[in-house]
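The values are calculated or read from the model by the stated rules, or taken from the named source; none is laboratory data. Note that the coordinates shown come from a computational prediction; the quantities given were computed from them, not determined experimentally. All Cβ positions, even for glycine, are placed from backbone atoms using ideal geometry, and neighbour counts span all protein chains on display. Ligands, DNA and RNA are stripped out before the accessible areas are found, and what is left, the full protein with its side chains, is counted by its heavy atoms. Shrake-Rupley method; radii C 1.70, N 1.55, O 1.52, S 1.80 Å.
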Amino acid sequence: MLTVSATQAKMQLMLSLSYLSEIDKMRVANACEFADQAHAPQVRKSGEPYILHPIAVAQILSTLQVDSDSIVAALLHDVIEDTPVERVEIAEKFGEKVAELVDGVTKLKSSHDNRSDKVASLRKILNATLKEPRVIIIKLADRLHNMSTLDALRPDKRAR
């Protein structure tokens, strides 16, 4: 498997955003750096830097030529869930619409991995999608990338 560095992935993403204005591309670059710093200590099960996942999700969305808020939200989609960063900081740095998208994609925090928690998280995502349809597009791109990296999981988790 060919491994791409975070720097290469960022460059590829930026090249795929030629349809956006220069100002929008700067917002995306800022979001990419913010997400990279927030996820800095994390690695994926494959051992790759975590930032490669949100960049890949944003790259998937760039093929659909979605707006810059959606690309920024894709880069930040795991920040609230997996780092100390809170929604209010995302709203301050990237705007309320981006914070709404990120919050919509974010699973509810729970102490267990039980069925009722999963149902509540799905309900939250679906309710957010009713208000803002881009939420489900970002979530589906997230799932698509997760499915493409299943080889890093144990066989039982892969099957689930």
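Sequence gap at least 6, Cα distance under 8 Å: using those rules, report the relative contact order of the chain to the nearest whole percent.
21
For Asn146 and Asn114 in one chain, what is 0.36 nm times their gap in residues minus the Cα-Cα distance, to one decimal in nm?
Going from the current span to full extension adds 9.5 nm.
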Can you give me the accessible area per residue for the chain, using a 1.4 Å probe, in Å²? 57
As computed over the range 1-45, the Cα convex hull volume per residue (Å³): 81
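Which pairs in the list Lys10/Lys131; Lys45/Lys118; Lys118/Lys139 are over 23 Å apart, alpha-carbon to alpha-carbon?
Beyond 23 Å: Lys10/Lys131.
Computing the accessible area with a 1.4 Å probe over protein heavy atoms, can you report the carbon and sulfur percentage for the chain?
Within the chain, the accessible surface is 58 percent carbon and sulfur.
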In nm, the gap between the two label points placed 7 Å beyond Cα toward Cβ at Lys45 and Glu33 is 3.3
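Between Rg and the Kirkwood Rh of the chain, both from Cα atoms, what is the Rg to Rh ratio? Display every interim value, and only then the final one.
Numbers: Rg = 15.2 Å, Rh = 16.1 Å.
On the Cα set of the chain, Rg over Rh gives 0.95.
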What number comes out for the charge environment of Val4, summing +1 per Lys or Arg and -1 per Asp or Glu over other residues with Cβ under 12 Å away? 0
Most to least packed among 17-24, 70-77, 90-97, 51-58 [average Cβ atoms within 10 Å]: 70-77, 51-58, 90-97, 17-24
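Distances over 22 Å make up what percent of all Cα-Cα pairs in the range 16-98?
Of all Cα-Cα pairs in the range 16-98, 20 percent lie more than 22 Å apart.
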